[in-house]
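Chemist: Before I ask anything, here is the structure I am working with.
The values are calculated or read from the model by the stated rules, or taken from the named source; none is laboratory data. Just so you know, these numbers come straight off a predicted model, no measurement behind them. Note that each Cβ is placed from the backbone with ideal geometry, even for glycine, and that neighbours are counted across all protein chains shown. Areas reflect the complete protein model, heavy atoms only, side chains present, ligands, DNA and RNA absent. Shrake-Rupley method; radii C 1.70, N 1.55, O 1.52, S 1.80 Å.
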Amino acid sequence: MSKIAGYKDDAYIRGKAPMTKREIRILTISLLGINPGDVVVDIGAGTGGLTMEAAYAADQGKVYAVEAKETALELVKKNKEHFNADHVVIIPGKAPEALVEIKEPVDRVIIGGSGGNMEGLFQWCKANTRAGGRVIANFVTLENAAQATTLMNQYFENVE
(Lines give C-alpha, C1' and ligand atoms only; values in the text may rest on other atoms or scores of the structure.)
Protein backbone atom coordinates (compact mmCIF):
# COMPACT_ATOMS: atom_id res chain seq x y z
CA MET A 1 0.00 0.00 0.00
CA SER A 2 1.32 3.44 -0.87
CA LYS A 3 2.04 6.15 1.71
CA ILE A 4 1.23 9.83 1.26
CA ALA A 5 2.91 12.40 3.48
CA GLY A 6 1.45 15.74 2.44
CA TYR A 7 4.13 17.80 4.17
CA LYS A 8 2.98 21.37 4.72
CA ASP A 9 4.56 24.00 2.47
CA ASP A 10 6.39 25.60 5.38
CA ALA A 11 8.16 22.29 6.13
CA TYR A 12 10.34 22.88 3.07
CA ILE A 13 13.42 25.01 2.68
CA ARG A 14 12.37 27.43 -0.03
CA GLY A 15 13.97 29.99 -2.24
CA LYS A 16 13.17 31.51 -5.58
CA ALA A 17 12.59 28.21 -7.37
CA PRO A 18 8.93 27.32 -7.93
CA MET A 19 7.36 24.78 -5.61
CA THR A 20 4.31 22.64 -6.31
CA LYS A 21 1.60 23.47 -3.78
CA ARG A 22 0.71 20.92 -1.10
CA GLU A 23 -2.69 19.97 -2.56
CA ILE A 24 -1.13 19.20 -5.93
CA ARG A 25 1.70 17.24 -4.30
CA ILE A 26 -0.80 15.10 -2.38
CA LEU A 27 -2.92 14.49 -5.49
CA THR A 28 0.14 13.69 -7.61
CA ILE A 29 1.59 11.18 -5.15
CA SER A 30 -1.83 9.62 -4.59
CA LEU A 31 -2.45 9.14 -8.33
CA LEU A 32 1.02 7.69 -8.83
CA GLY A 33 0.39 5.00 -6.22
CA ILE A 34 4.05 4.81 -5.26
CA ASN A 35 5.05 1.59 -3.51
CA PRO A 36 7.79 1.44 -0.84
CA GLY A 37 10.39 -0.18 -3.13
CA ASP A 38 9.66 1.81 -6.29
CA VAL A 39 12.16 3.69 -8.43
CA VAL A 40 10.76 7.17 -9.05
CA VAL A 41 12.02 9.97 -11.31
CA ASP A 42 11.06 13.61 -10.70
CA ILE A 43 11.86 15.60 -13.85
CA GLY A 44 12.05 19.34 -13.19
CA ALA A 45 12.40 18.89 -9.43
CA GLY A 46 12.35 22.61 -8.56
CA THR A 47 12.69 22.89 -4.78
CA GLY A 48 12.23 19.15 -4.38
CA GLY A 49 8.67 19.25 -3.05
CA LEU A 50 7.45 16.30 -5.11
CA THR A 51 10.83 14.62 -4.77
CA MET A 52 10.55 14.59 -0.96
CA GLU A 53 6.93 13.40 -1.07
CA ALA A 54 7.98 10.59 -3.44
CA ALA A 55 10.92 9.78 -1.15
CA TYR A 56 8.53 9.41 1.78
CA ALA A 57 6.32 7.02 -0.22
CA ALA A 58 9.24 5.06 -1.74
CA ASP A 59 11.17 4.79 1.52
CA GLN A 60 12.76 1.49 0.50
CA GLY A 61 13.30 2.46 -3.14
CA LYS A 62 15.14 5.20 -4.96
CA VAL A 63 14.08 8.64 -6.13
CA TYR A 64 15.93 10.55 -8.84
CA ALA A 65 15.56 14.35 -8.83
CA VAL A 66 16.45 15.86 -12.21
CA GLU A 67 16.89 19.64 -12.35
CA ALA A 68 18.69 22.00 -14.73
CA LYS A 69 18.68 25.24 -12.72
CA GLU A 70 21.54 25.70 -10.25
CA THR A 71 19.49 27.66 -7.68
CA ALA A 72 16.82 24.95 -7.69
CA LEU A 73 19.46 22.20 -7.38
CA GLU A 74 20.75 23.82 -4.20
CA LEU A 75 17.26 23.78 -2.73
CA VAL A 76 16.76 20.11 -3.65
CA LYS A 77 20.07 19.32 -1.90
CA LYS A 78 19.04 21.27 1.20
CA ASN A 79 15.63 19.59 1.32
CA LYS A 80 17.21 16.18 0.82
CA GLU A 81 19.29 16.80 3.95
CA HIS A 82 16.37 18.42 5.81
CA PHE A 83 14.11 15.40 5.25
CA ASN A 84 16.94 12.85 5.69
CA ALA A 85 16.16 11.46 2.24
CA ASP A 86 19.39 9.55 1.67
CA HIS A 87 17.79 7.46 -1.09
CA VAL A 88 17.32 10.55 -3.29
CA VAL A 89 19.82 10.83 -6.13
CA ILE A 90 20.19 14.32 -7.57
CA ILE A 91 20.97 14.59 -11.27
CA PRO A 92 21.95 18.05 -12.48
CA GLY A 93 21.09 18.79 -16.07
CA LYS A 94 18.34 19.18 -18.59
CA ALA A 95 16.05 16.28 -19.42
CA PRO A 96 15.86 14.17 -21.45
CA GLU A 97 19.66 14.34 -21.95
CA ALA A 98 20.43 14.11 -18.23
CA LEU A 99 18.24 11.01 -17.90
CA VAL A 100 21.04 8.85 -19.36
CA GLU A 101 22.41 8.84 -15.78
CA ILE A 102 19.54 6.52 -14.78
CA LYS A 103 20.65 2.98 -15.56
CA GLU A 104 17.66 1.05 -14.19
CA PRO A 105 14.02 0.68 -15.21
CA VAL A 106 11.69 3.03 -13.36
CA ASP A 107 8.27 2.50 -11.82
CA ARG A 108 6.94 6.05 -11.58
CA VAL A 109 7.76 9.33 -13.35
CA ILE A 110 6.75 12.85 -12.42
CA ILE A 111 7.11 15.46 -15.15
CA GLY A 112 7.07 18.96 -13.73
CA GLY A 113 8.73 20.77 -16.59
CA SER A 114 9.57 20.01 -20.19
CA GLY A 115 12.58 22.23 -20.83
CA GLY A 116 11.26 22.62 -24.37
CA ASN A 117 11.51 18.93 -25.31
CA MET A 118 8.31 17.37 -24.08
CA GLU A 119 8.23 14.71 -26.79
CA GLY A 120 11.74 13.60 -25.83
CA LEU A 121 10.58 13.21 -22.21
CA PHE A 122 7.65 11.00 -23.18
CA GLN A 123 9.86 8.95 -25.51
CA TRP A 124 12.26 8.37 -22.58
CA CYS A 125 9.36 7.45 -20.28
CA LYS A 126 8.00 4.95 -22.80
CA ALA A 127 11.42 3.32 -23.20
CA ASN A 128 12.39 3.27 -19.49
CA THR A 129 9.21 2.77 -17.47
CA ARG A 130 8.46 -0.80 -16.39
CA ALA A 131 5.25 -2.51 -17.47
CA GLY A 132 2.52 -1.30 -15.13
CA GLY A 133 4.46 1.89 -14.37
CA ARG A 134 2.85 5.30 -14.21
CA VAL A 135 3.72 8.72 -15.58
CA ILE A 136 2.13 11.92 -14.33
CA ALA A 137 2.66 15.43 -15.66
CA ASN A 138 1.89 18.74 -13.93
CA PHE A 139 2.04 21.97 -15.90
CA VAL A 140 1.33 25.61 -15.21
CA THR A 141 0.21 26.54 -18.73
CA LEU A 142 -2.75 25.12 -20.62
CA GLU A 143 -0.60 24.95 -23.76
CA ASN A 144 1.86 22.55 -22.10
CA ALA A 145 -0.98 20.54 -20.54
CA ALA A 146 -2.62 20.14 -23.95
CA GLN A 147 0.65 19.10 -25.57
CA ALA A 148 1.31 16.60 -22.77
CA THR A 149 -2.17 15.11 -23.16
CA THR A 150 -1.62 14.63 -26.89
CA LEU A 151 1.77 13.00 -26.33
CA MET A 152 0.54 10.78 -23.51
CA ASN A 153 -2.20 9.45 -25.78
CA GLN A 154 0.39 8.88 -28.49
CA TYR A 155 2.85 6.96 -26.29
CA PHE A 156 0.69 5.27 -23.64
CA GLU A 157 -2.55 3.38 -23.08
CA ASN A 158 -5.02 4.01 -20.23
CA VAL A 159 -4.39 7.76 -20.10
CA GLU A 160 -6.37 9.81 -17.57
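Chemist: If a residue has to be under 25 Å from Met52 (Cβ atoms) and open to solvent by 70 Å² or more (accessible area, probe 1.4 Å) to count, how many in region 109-131 make the cut?
Modeler: Of the residues in that region, 1 qualify.
Chemist: Do we have any residue at all in region 94-108 that's part of a loop (DSSP other than H, G, I, E, B), open to solvent by less than 40 Å² (accessible area, probe 1.4 Å), at pLDDT 95 or above and of a type in the set (A, V, I, L, M, F, W, C)?
Modeler: yes
Chemist: Find the residue count for region 27-45, including only residues that are under 19 Å from Tyr7 (Cβ atoms) and surrounded by fewer than 24 Cβ atoms within 10 Å (Cβ to Cβ).
Modeler: Count: 7.
Chemist: Write out, first by first residue and then by second, each pair whose Cβ atoms fall under 9 Å of each other, whose residues are 6+ apart or on separate chains, and whose first residue, in region 99-122, is over 22 Å from Ala57 (Cα atoms) while the second is polar (S, T, N, Q) and not in a loop (DSSP other than H, G, I, E, B).
Modeler: The qualifying pairs are Ser114/Asn144; Ser114/Gln147; Met118/Asn144; Met118/Gln147; Glu119/Gln147; Glu119/Gln154; Phe122/Gln154.
Chemist: Show the residue pairs that are 6+ apart or on different chains and have beta-carbon atoms under 7 Å apart, the first residue being within region 136-160 and in contact (Cβ under 8 Å) with a residue 40 or more places away in the chain, the second being assigned to a helix (DSSP H, G or I).
Modeler: Listed pairs, sorted by first residue: Ile136/Thr28; Ile136/Leu31; Ile136/Leu32; Asn138/Ile24; Asn138/Thr28.
Chemist: Then there's this: I need a count of the residues in region 112-137 that are within 16 Å of the chain's Cα centre (by Cα) and of a type in the set (Gly, Ala, Ser).
Modeler: Qualifying residue count for the region: 7.
Chemist: Here is a further query. Is it the case that region 19-31 has a residue that's of a type in the set (Val, Ile, Thr), in contact (Cβ under 8 Å) with a residue 40 or more places away in the chain, closer than 18 Å to Val88 by Cβ and part of a loop (DSSP other than H, G, I, E, B)?
Modeler: For region 19-31, residues of a type in the set (Val, Ile, Thr), in contact (Cβ under 8 Å) with a residue 40 or more places away in the chain, closer than 18 Å to Val88 by Cβ and part of a loop (DSSP other than H, G, I, E, B): present.
Chemist: Out of Lys8, Lys16, which single residue is free of Cβ contacts under 8 Å to residues at least 24 places away in the same chain and open to solvent by 50 Å² or more (accessible area, probe 1.4 Å)?
Modeler: Result of the check over Lys8, Lys16: Lys8.
Chemist: Let me ask something else about it. From the list Asp10, Asp42, which residue is more than 14 Å from the chain's Cα centre (by Cα) and not in a loop (DSSP other than H, G, I, E, B)?
Modeler: Going through Asp10, Asp42 in turn, just one is more than 14 Å from the chain's Cα centre (by Cα) and not in a loop (DSSP other than H, G, I, E, B): Asp10.
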